[in-house]
Amino acid sequence: MGSSRLAEIREARIEKLKKIRDLGVDPYPAKYSKSFISISQARGNLGQVVNVVGRLWRFREHGQVVFADVKDSSGQIQLLFQEKTLAEKYYFLKLFDAGDFLGVEGRVITTQAGETTIDVSHFELLSKSLRPLPDDWYGLKDIEERYRQRYVDLLINDSVKNVFLTRTKIVKLFRDRLDREGFIEVETPVLQPVYGGTVAKPFTTHHNALDSDFYLRISDELYLKRLIVAGFDKVYELSKDFRNEGFDRAHNPEFTMLEFYWAYADYQHLMDFTQQLISDIVGEVHGKLQIEYQGQKLDFTPPWPRLTYREAIRQYSRIDIEEADTEGKLKKQISTKLDLSGSAGYGDLVDRLYKHTTRPHLTGPLFLINRPTEFVTLAKRQPENPRVTASFQLLVAGEEILTAYNELNDPGDQATRWKESEKQGEAGHEEHETYDADYVRALEYGMPPTAGWGLGIDRFTAILTDQPSLKDTILFPTLRPEK
């Protein structure tokens, strides 16, 4: 529908709005004057007089009667407006449009066509709609408009609504399980004087009263671990995190993370826990452990394979990162295979090699274990091989769903690694971790052996609902502002 036609319809509805007001009727009352039940309940009350509220969906005139559909969050039912029943008020219907909200009273009947219907004896306008709903056959064609006008997308596309209902269920299942395990849900700062917890570029803002710059958190890890120092043995947070990065199907600058930290647990324990937790949630959502995601068949039946980073990269690139163990050696082997512009440091080279040659082949679910120490400045080293960390990632359909590791609790080692990361920044690597003196001070008070875990809710939901992009699992994804 063209913009000029839309403008004409809107102007016609505004004229109807004026006529409604001229008749002394409030087109936006505060409430419906009668007690009402849901439409799904009304459908089961055949022969009874009921009151329901909802949005008008379409009108169909037949002589002295009008048929319409009305929807609420529980379902839809047909309405029958008859001139002989409604008398003069029947003509008020000419001021109504699809999209208006009504309260109606009437007896539930079955029409000759077998349709459950409310034979309306009383109705009230509850809200006048000034814009037409998109045709539910053609819908919203433009993908960006669907994201921008999510309120319309959800209204006309039940499949979209079901994705977000599933997302809510997934979050609830995680919360319920962690609560049963004795975890405490907490809240940590979104505005942070020092950003940390991973490698990412932050958003910066200025606090006028304090005359200081703050960062929107890129992770809540460091604050959650401060709580482990403070004596909380099991904590978790569902947090909005922010990273000043580009847009693609797997990234959005604002996203939701679930992180938990578990004192006296280790990453081997967390692998077993994760396997059971994730397979339980898949089973709850789908009723089975075998699902399909973007044409790939995935089986979440435990046990899941465990593969080291070294083995995975060697299998798909034929490069042994234990032998190519310096930046110079590795760069010599991969410079002809990869674009290394802007690279900084050995860890960055390994990461590029892994993402280019290895990750696309890892269907999963599988645990990729023992990431190189250069990757994770917050993870504890393996005692038998300090070049790798006691860590794992869960990969599903080539996507990194969660990361976990034994938490580094040696304040000296933590300080040294952050200083090394800052050197990478000085060398030109834009994304690097910064030194957090307060966190090092917290570690100096002592943190028990701890394992931590972080999962991207948006990405996990995309896999369980078979959505190609994170934007399809975020109600209001970040978009370029409208002009």
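Here are a few things to note about the model shown:
- Residue match in the stretch 457-476 (condition: surrounded by fewer than 14 Cβ atoms within 10 Å (Cβ to Cβ) and of a type in the set (Gly, Ala, Ser)): no
- Candidates in the stretch 28-79 are the residues that are within 20 Å of Ser127 (Cα to Cα) and among the acidic types (Asp, Glu); of these, the one that is nearest to the chain's Cα centre (by Cα) is Asp72.
- Any hit, the stretch 301-318, residues being surrounded by 15 or more Cβ atoms within 10 Å (Cβ to Cβ), closer than 30 Å to Leu165 by Cα and touching a Leu at 6+ places or on another chain (Cβ under 9 Å): yes
- Selection of first residues in the stretch 241-267 that are in contact (Cβ under 8 Å) with a residue 40 or more places away in the chain and of second residues that are exposed (fewer than 15 other Cβ atoms within 10 Å of the Cβ) and part of a strand (DSSP E or B), restricted to Cβ pairs under 7 Å at least 6 apart or on distinct chains, gives the following pairs, ordered by first then second residue: Glu254/Lys240; Thr256/Lys240.
- Those residues of the stretch 369-418 which are in a strand (DSSP E or B) and among the polar types (S, T, N, Q), in sequence order: Gln382, Asn385, Thr389, Ser391, Gln393, Thr403, Asn406
- Test result for Ala12, assigned to a loop (DSSP other than H, G, I, E, B), without any contact (Cβ under 8 Å) to a residue 60 or more places away in the chain and not charged (D, E, K, R): no
- A single entry from Leu173, Leu155, Leu165 fulfils the requirement of being more than 21 Å from Phe476 (Cα to Cα) and either among the aliphatic types (A, V, I, L, M) or in a strand (DSSP E or B) (or both): Leu173.
- Checking the stretch 292-305 against the condition returns no match, with no residue being assigned by TED's automatic domain parsing to the domain that holds Leu455 and under 23 Å from Ala415 (Cα atoms).
So that you can scan it fast, the table gives a plain yes or no per residue for (1) touching a Cys at 6+ places or on another chain (Cβ under 6 Å); (2) within 24 Å of Lys19 (Cα to Cα); (3) in contact (Cβ under 8 Å) with a residue 12 or more places away in the chain; (4) among the aromatic types (Phe, Trp, Tyr):
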| position | (1), (2), (3), (4) |
| --- | --- |
| Glu83 | no, yes, yes, no |
| Ala87 | no, yes, no, no |
| Val120 | no, yes, yes, no |
| Glu145 | no, no, no, no |
| Ser159 | no, no, no, no |
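- The single residue among Gly246, Gly328 that is within 30 Å of the chain's Cα centre (by Cα) and either among the acidic types (Asp, Glu) or surrounded by fewer than 19 Cβ atoms within 10 Å (Cβ to Cβ) (or both) turns out to be Gly246.
- Residue match in the stretch 432-447 (condition: without any contact (Cβ under 8 Å) to a residue 40 or more places away in the chain, buried (at least 21 other Cβ atoms within 10 Å of the Cβ) and under 24 Å from Arg243 (Cβ atoms)): no
- Of the residues examined, Gln112 is one that is free of Cβ contacts under 8 Å to residues at least 12 places away in the same chain and either not assigned by TED's automatic domain parsing to the domain that holds Pro27 or not in a helix (DSSP H, G or I) (or both).
- Checked against the criterion of being buried (at least 19 other Cβ atoms within 10 Å of the Cβ) and either modelled with pLDDT of 95 or more or of a type in the set (S, T, N, Q) (or both), the candidates Val282, Val199 yield just one match: Val282.
- Which numbered condition Ala265 misses (of (1) in the same structural domain as Glu221 (by TED's automatic domain parsing); (2) within 26 Å of the chain's Cα centre (by Cα)): (2)
- Selection from the stretch 251-277 of residues that are assigned to a helix (DSSP H, G or I) and either acidic (Asp, Glu) or within 20 Å of Leu165 (Cβ to Cβ) (or both): Asp272
- Scanning the stretch 334-375 for residues that are in contact (Cβ under 8 Å) with a residue 60 or more places away in the chain and of a type in the set (D, E, K, R) returns Asp348, Arg371.
Here's the yes/no breakdown for (1) among the acidic types (Asp, Glu); (2) touching a helix residue (DSSP H, G or I) at 6+ places or on another chain (Cβ under 6 Å); (3) under 19 Å from Gly452 (Cβ atoms):
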site: Leu173; (1), (2), (3): no, yes, no
site: Ile184; (1), (2), (3): no, no, yes
site: Gly197; (1), (2), (3): no, yes, yes
site: Ala200; (1), (2), (3): no, no, yes
site: Tyr215; (1), (2), (3): no, no, no
site: Asp220; (1), (2), (3): yes, no, yes
site: Tyr223; (1), (2), (3): no, no, yes
site: Leu227; (1), (2), (3): no, no, yes
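- Across the stretch 282-320, the number of residues qualifying as in a loop (DSSP other than H, G, I, E, B) and touching a residue at least 40 places away in the same chain (Cβ under 8 Å) comes to 4.
- Residue within the stretch 445-461 that is assigned to a helix (DSSP H, G or I), at pLDDT 90 or above and under 20 Å from Val229 (Cβ atoms) present: no
The values are calculated or read from the model by the stated rules, or taken from the named source; none is laboratory data. Small disclaimer: the values here were computed from a predicted structure and weren't measured. Cβ coordinates were reconstructed from backbone atoms using ideal geometry, including for glycine residues, and neighbour counts include every protein chain displayed.
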